[in-house]
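Remarks on the structure that follows.
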């Protein structure tokens, strides 16, 4: 029984390292979700059902969701601003041709 | 119990702490930095729950077992419970700071943020 | 400091820290042989003193209720911080430029939109069950709050942004969050009004195993659940406000 626990602990260590070494943030969210799930499995093994329930809902759902919301807000602003400057430039280009 | 397994959860906790710190130091994206901070926070859960575990003990919920049986330590679990939920909202606060910094300066690399503009 | 110097300094001092840490943990009890007295003392008396079968929640909301009060106010303050940083000011004459919608929302199939309705029902039911049975089985206010908060997120993911906006941007949401945090403090102060120490369990304890048992534990658990739900939904709405309304605030 302790060997199962040791195996789960090693899996937690490896997943934590994988989360840190993933450089692309969108892929890191997936790794974070997996890490949260493995931590919940470890809490379940440690006979802590309350903490495992908390970790499943937060670490596998709420925490990746928060990161995704932040990323989507940054991306939305960037693409919306770029689209607006493109529209402005094309309008000014058209007006310049008219004057000529 | 084999001697090399006596300190396993504490070693894994120290390893996770070191990994999180390594991620923060070598980070090139602010959101990556915040996620590594979250990993750092989870290392403390492993340490505390490793201390409270008892071989052969069951969960400290007496809904279906009689109140005399051997259970694991409930005090450390109570400390962890609130911490896990509060961590998510504090990460949301740090990400709000990151979003604001990105909007003001336009760069996402921590190195570029350190130049003061006159 | 260049990157290589930073990495070298970190490896040096991080290695030193790891060595000191390994030396320090050698005195901890072996894994699986918990020896401290407090866990055994509380596990022995909690069921009889508080009529609550879930000892972890009895510790959280009764024996160490002051710590949980502090954690709940951390949550409250963090949500306040997010809202102050990211929220657009209303009623001010801020020059806001409206952008045309960025065209990348794919239309979901009707199957997904149809299945999301019973999924939301089940989520809310499960969240209420977990929240109300905190003193009997694993669960309680914090977990129930997060589970209930995922139901409107499911509505948003099924592309019903109008419904999501109506649920979460209402000022009732802010009121629920303030109510949850404030009533926890008020329950504690009411105990002071009776001449007892702060946050004493002064309500009738009831029978062990009943849903309405264990005095203030069930009440505090429900209040915490309401507060955590409102907190998560306010944070989600604050992040999504720009995208939902389609306007960018001028900085």
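The values are calculated or read from the model by the stated rules, or taken from the named source; none is laboratory data. Remember, predicted model here, so these are calculated numbers, not experimental data. For neighbour counting, all protein chains shown are included, and Cβ atoms are generated from backbone atoms with ideal geometry for every residue, glycine included.
Summary table
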{"read-out": "Of all residues making up region A:1-39, the number that are surrounded by fewer than 22 Cβ atoms within 10 Å (Cβ to Cβ), more than 7 Å from chain B (Cβ to nearest Cβ) and in a helix (DSSP H, G or I)", "value": "20"}
{"read-out": "Breaking point among (1) closer than 26 Å to residue C:55 by Cβ; (2) out of contact with any helix residue (DSSP H, G or I) (no Cβ under 9 Å at 6 or more places or on another chain), for residue A:27", "value": "(1)"}
{"read-out": "Given (1) without any contact (Cβ under 8 Å) to a residue 24 or more places away in the chain; (2) at the interface with chain B (Cβ under 7 Å from one of its Cβ atoms); (3) farther than 17 Å from residue B:40 by Cα; (4) assigned to a helix (DSSP H, G or I), number of the condition residue A:47 does not satisfy", "value": "(4)"}
{"read-out": "Region C:4-28, residues that are out of contact with any helix residue (DSSP H, G or I) (no Cβ under 7 Å at 6 or more places or on another chain) and outside any helix (DSSP H, G or I)", "value": "C:26, C:27"}
{"read-out": "Matching entry among B:76, B:72, B:12, B:85 (being surrounded by 19 or more Cβ atoms within 10 Å (Cβ to Cβ), within 11 Å of chain C (Cβ to nearest Cβ) and either out of contact with any helix residue (DSSP H, G or I) (no Cβ under 8 Å at 6 or more places or on another chain) or closer than 25 Å to residue A:72 by Cα (or both))", "value": "B:85"}
{"read-out": "Matching residues in region C:45-66 - criterion: being outside any helix (DSSP H, G or I) and within 7 Å of another protein chain (Cβ to nearest Cβ)", "value": "C:53, C:54, C:64"}
{"read-out": "Index of the failed condition, residue C:52 passing every other in (1) modelled with pLDDT under 90; (2) exposed (fewer than 15 other Cβ atoms within 10 Å of the Cβ)", "value": "(2)"}
{"read-out": "Tally of residues being closer than 14 Å to residue C:61 by Cβ and out of contact with any strand residue (DSSP E or B) (no Cβ under 9 Å at 6 or more places or on another chain) across region C:111-141", "value": "3"}
{"read-out": "Residue count, region A:53-91 (criterion: more than 8 Å from chain C (Cβ to nearest Cβ) and surrounded by 15 or more Cβ atoms within 10 Å (Cβ to Cβ))", "value": "9"}
{"read-out": "Of the criteria (1) more than 7 Å from chain C (Cβ to nearest Cβ); (2) farther than 25 Å from residue C:38 by Cα; (3) free of Cβ contacts under 8 Å to residues at least 12 places away in the same chain, which one residue B:99 fails", "value": "(1)"}
{"read-out": "Wholly enclosed helices (runs of 4 or more DSSP H) of region B:21-118 bearing at least 1 residues modelled with pLDDT of 90 or more, under 16 Å from the mean Cα position of the chain (by Cα) and over 25 Å from residue A:69 (Cα atoms)", "value": "B:30-52, B:74-105"}
{"read-out": "Flag if residue B:50 is in contact with a strand residue (DSSP E or B) (Cβ under 8 Å, 6 or more places away or on another chain) and either over 28 Å from residue C:228 (Cα atoms) or facing chain C (nearest Cβ under 8 Å) (or both)", "value": "no"}
{"read-out": "Residue C:197 being surrounded by fewer than 14 Cβ atoms within 10 Å (Cβ to Cβ), more than 18 Å from the chain's Cα centre (by Cα) and at pLDDT 85 or above", "value": "no"}
